[in-house]
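Trainee: Structure in structure tokens, see below.
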Amino acid sequence: MNPFPSIEIFVPGRVCLFGEHSDWAGGHRRTNSAVAPGCVVITGTNQGMYARCKKNATNELLIRSALTDGSQTELYRMPMDLAVLQQEAAAGGFFSYAAGVAAYMLDFYGVEGLEIDNYKTTLPVKKGLSSSAAFCVLVARAFNQLYRLGLTTRAEIEAAYQGEIATPSRCGRMDQGCAYGQIPVMMSFDGDRISVQPLRPGGDFFLLVADLCGKKDTVRILSDLNAAYPFAKSASDRSVHECLGTDNLRYLQLARQALESGDAEELGALMTQAQHNFDAKLMPVCAELQSPRLHQVLSDPRVSDWVTGGKGVGSQGDGCVQFICRSPQARVALTAYLQQQYGMPCFDLDILRPVSIRKAVIPVAGLGSRMFPYTKGVPKTFLPVVTPEGVAKPVIQVIIEEALSAGVEEIALIIQPEDEGRFREYFNRDVHPAIIAKLPPALRKEAERLKDIGQRITYIPQVEAKGFGHAVLQAEAWVNKESFLVMLGDHLFRSDNERSVAAQVAGLFQDFGDCQSVVGIYQEQLNRVKHYGTVAGEWISEDTMQVGTLVEKPTEDQAQTYLAVEHHGRPTWYCVNGIYALRPEIFEVLRSQSASSGTEEVQLTTALETLMQREGLKGLVVKGRHFDTGIPAIYAETVANFNA
Ligand code: UTP
């Protein structure tokens, strides 16, 4: 049995939306600076490769790979020995990619053994979707995460590229862009230099990729087009340079604008124009680009009813075609038509506007027994603090302002039913004109701010104080299947920089395309972890942890034995800071936990543990401090330090 913990990795394939062939063309700037830089927009597919990965103690590379038909390859086993791996890569074959990347990682980073169980692959191979590059990225990322190398995505791309070109396969420099996940990125190529810029789509785009079921000879296409480089010797060579150079840069600028403004009509029209230009200027030098099946489908008048435009994929030829569909319904109709009329298998590809978190749930219905007897009269969330600006506010207002600073628009306060009047009195009742008259201008602004906050609040009762998780569950209908923020009703935050702590947590959630929930974490002393939810896991960057274990209020012994996380060679402990960016799937877990809880409290941490096992969970070490207000001695410290 391998005792090491395993991590989950998903790497999608990639589709080149615009700019195919300009990646290597831009590379010719090494020898001819008159060649224009290359530029492409690529995006990750919905399909990809799923794997469980772990270190091993035998210093071997062990790989099992799932094929698209659901079957599995034999277990491949190689010693982590540079010469052997290099030889294996050069020999070609199914596992040469993994050997190539492993050789690079060993050579540059001195890594040891690795096991990859690629248990599911939904990406078609050899269809211009870069399945080999996805596999190379998977291997590079597994080494990076398990050996905590702290490599950036850009460095993973380099490792994947170097690994792949150590094999007989010849890949382009854009293929590894799938490392950025399911978001569109613009990559530029200037000689050996590559720059990458993630794009933010301004709307949703519904693409359809269809397998033309034809033949294409990529080597032929590449060799015909490359013959025009590095120096154009004829009019047709100049046409090739123009098409992959200045024309391409012009289309790319326009495509970027269309993507960022959410204009599907324009994006489709640009695809069609780019294809016409490609045909006019490249087909004369490369007969393979006549691609009869591609052109038959592109000019089919029925197809134009459902799409705003389309073009070939990858190196072009009769591999795959891509369309921008007018709507998800149009895509369903087009899929049925292409399958019936041409027998072409199709798959969907969505480019979606990045999610932003619009809602926050703040439970403040607890009994507050540790702050008794104050809480006999007033909920503890009404305790006062003085802000760094020197204004006296109740804790709850400071927390709401923190949520709003992360872009949240609406707030649900989970309250004890009998407290509603008190909250309404504070947030929803106009300030008496006699008081307004006495206020200096800065505090008059505060009165307006309160009014704005009041309009954003919904009060949701928790009839029985059955725990923090139970309180969150009360907001299920209000959250309505969106991702959302949860904040403790008794913790305050001060960021170390211009980005608030809540904005940091929400930002990481969005950066990863909302595919995993995120908890804010901070380093805590071992003798204090018993008060808090404590996490352990693997670092995937300097401040981001792929959480593997989550324990609510562990004992010191438990924490010492199971929850120590190595940081710069020392054991350290990390606790949850009270800000969570959650996927709505948490509610299903909370509901089933609540149904079987009996008289026990329903804890969010327990539900998060289940969610972590199903979907993964990230922890972000926030840049900033937090202040507890729910324990008398610590509240006293908070009052003294919060505005310091
Ligand atoms: P705590 O764990 O601090 O519990 O709640 P508590 O009841 O407020 O305080 P003690 O432990 O009795 O002293 C964390 C947050 O969750 C809310 C609390 O109001 C606080 O903001 N909460 C807790 C609820 O809304 N409902 C609950 O049933 C429990």
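The values are calculated or read from the model by the stated rules, or taken from the named source; none is laboratory data. These figures come from a predicted structure and were not determined experimentally. Cβ: placed from backbone, ideal geometry, glycine included. Neighbour counts: every protein chain shown. Just so you know, the surface numbers come from the protein's heavy atoms only, side chains and all, with ligands and any DNA or RNA stripped out. Shrake-Rupley method; radii C 1.70, N 1.55, O 1.52, S 1.80 Å.
Trainee: Taking the range 157-262, which chymotrypsin sites (Phe, Trp or Tyr not before Pro) meet the DSSP loop condition and have no more than 16 other C-beta atoms within 10 Å?
Mentor: Passing sites in the range 157-262 are Phe231.
Trainee: Rounded to the nearest angstrom and ordered from largest down, what semi-axes does the equivalent ellipsoid of the range 152-304 get from its C-alpha gyration tensor (root of 5λ)?
Mentor: Details: eigenvalues 118, 112, 59 Å².
Over the Cα atoms of the range 152-304, the ellipsoid semi-axes are 24, 24, 17 Å.
Trainee: What is the percent carbon and sulfur in the accessible area of the chain, measuring with a 1.4 Å probe over the protein chains and ignoring ligands?
Mentor: Values: 14090 of 27640 Å².
Answer for the chain: carbon and sulfur cover 51 percent of the accessible area.
Trainee: A follow-up question, please. Where in the range 302-370 are there trypsin sites (Lys or Arg not before Pro) that are in a DSSP coil and have at most 16 other Cβ atoms within 10 angstrom of their Cβ?
Mentor: Hits after loop and neighbour filter: Arg358.
Trainee: Please report the relative contact order for the range 389-548, taking Cα pairs under 8 Å with a sequence separation of at least 6, and give it as a percent rounded to a whole number.
Mentor: Rounded, it is 28 percent for the range 389-548.
Trainee: While we're on this one: How much area per residue is accessible in the chain when the probe is 1.4 Å and only protein heavy atoms are counted (Å²)?
Mentor: Value returned for the chain: 43 Å² of accessible area per residue.
Trainee: If one computes P(r) from the Cα atoms of the range 1-120, what percent of pairs lie at distances over 26 Å?
Mentor: Value for the range 1-120: 39 percent of Cα pairs lie more than 26 Å apart.
Trainee: Sticking with this structure for a sec: Taking θ = phi - 60°, what integer Hz values does the Karplus form 6.51 cos²θ - 1.76 cosθ + 1.60 yield along the range 154-163, in sequence order, with x for Gly and Pro?
Mentor: Karplus values, whole Hz, x for Gly and Pro: 4, 6, 5, 4, 5, 4, 5, 5, 4, x.
Trainee: Still on this structure, please answer the following. Can you grab the distance from the C-alpha centre of the range 41-97 to the C-alpha centre of the range 386-432, Å, no decimals?
Mentor: 53
Trainee: If you don't mind, another one. In terms of the ratio Rg/(2.2 N^0.38 Å) built on C-alpha atoms, what value belongs to the range 456-501?
Mentor: Values: Rg = 13.4 Å, N = 46, 2.2 N^0.38 = 9.4 Å.
Against the compact-globule rule of thumb, the ratio is 1.43.
Trainee: Additional query: Output needed for the range 429-494: three equivalent-ellipsoid semi-axes, defined as square roots of 5 times the C-alpha gyration tensor eigenvalues, in descending order, whole Å. Before the final figure, lay out the partial values.
Mentor: Working: eigenvalues 208, 37, 33 Å².
They are 32, 14, 13 Å, listed from largest to smallest.
Trainee: If you don't mind, another one. So if I average 1/r over every pair of distinct C-alpha atoms in the range 273-347 and take the inverse, what Kirkwood radius in Å does that give?
Mentor: 12.8
Trainee: With 16 Å as the cut-off, how large is the P(r) tail for the range 229-336, expressed as percent of Cα-Cα pairs? Before the final figure, lay out each step's value.
Mentor: Details: 3543 of 5778 pairs.
Tail of the P(r) past 16 Å holds 61 percent of the pairs.
Trainee: Translational diffusion coefficient of the chain at 37 °C, 0.692 mPa s, Stokes-Einstein with Kirkwood Rh over Cα pairs, in µm²/s as a whole number.
Mentor: 120
Trainee: For the range 227-244, take each phi angle, set θ = phi - 60°, evaluate the Karplus expression 6.51 cos²θ - 1.76 cosθ + 1.60, and give the result in whole Hz per residue in order, putting x for glycine and proline.
Mentor: So the Karplus estimates, Gly and Pro as x, are 4, 7, 10, x, 10, 5, 10, 8, 4, 5, 4, 5, 4, 4, 4, 5, 4, 8 Hz.
Trainee: Pop out the ³J(HN,Hα) list for the range 534-548 in order, Karplus 6.51 cos²θ - 1.76 cosθ + 1.60 with θ = phi - 60°, rounded to Hz; leave Gly and Pro as x.
Mentor: Karplus-based 3J(HN,Hα) across the range 534-548 equals 10, 10, 9, x, 10, 6, 10, 7, 3, 10, 10, 10, 7, 6, x Hz.
Trainee: Tally Lys and Arg at +1 and Asp and Glu at -1 over the other residues with C-beta under 11 Å from the C-beta of Leu225: what net charge comes out?
Mentor: Here the count lands on -2.
Trainee: Let me ask something else about it. Only helical DSSP H runs with n ≥ 4 go in: add -39500 (n - 2.57) per run for the chain, normalise by residue count and round the 222 nm mean residue ellipticity to 500 deg cm²/dmol.
Mentor: Roughly -11000 deg cm²/dmol at 222 nm, from the helical runs in the chain.
Trainee: Given the pairs Lys451/Lys623; Lys55/Lys553; Lys393/Lys451; Lys393/Lys438; Lys215/Lys311; Lys54/Lys618, which are separated by over 22 angstrom at their Cα positions?
Mentor: Cα-Cα > 22 Å for Lys451/Lys623; Lys55/Lys553; rest within.
Trainee: Enumerate the amide H contacts of Gln316 below 5 Å, restricted to partners 5 or more residues apart or on another chain; note that Pro and chain-start residues carry no placed amide H.
Mentor: none
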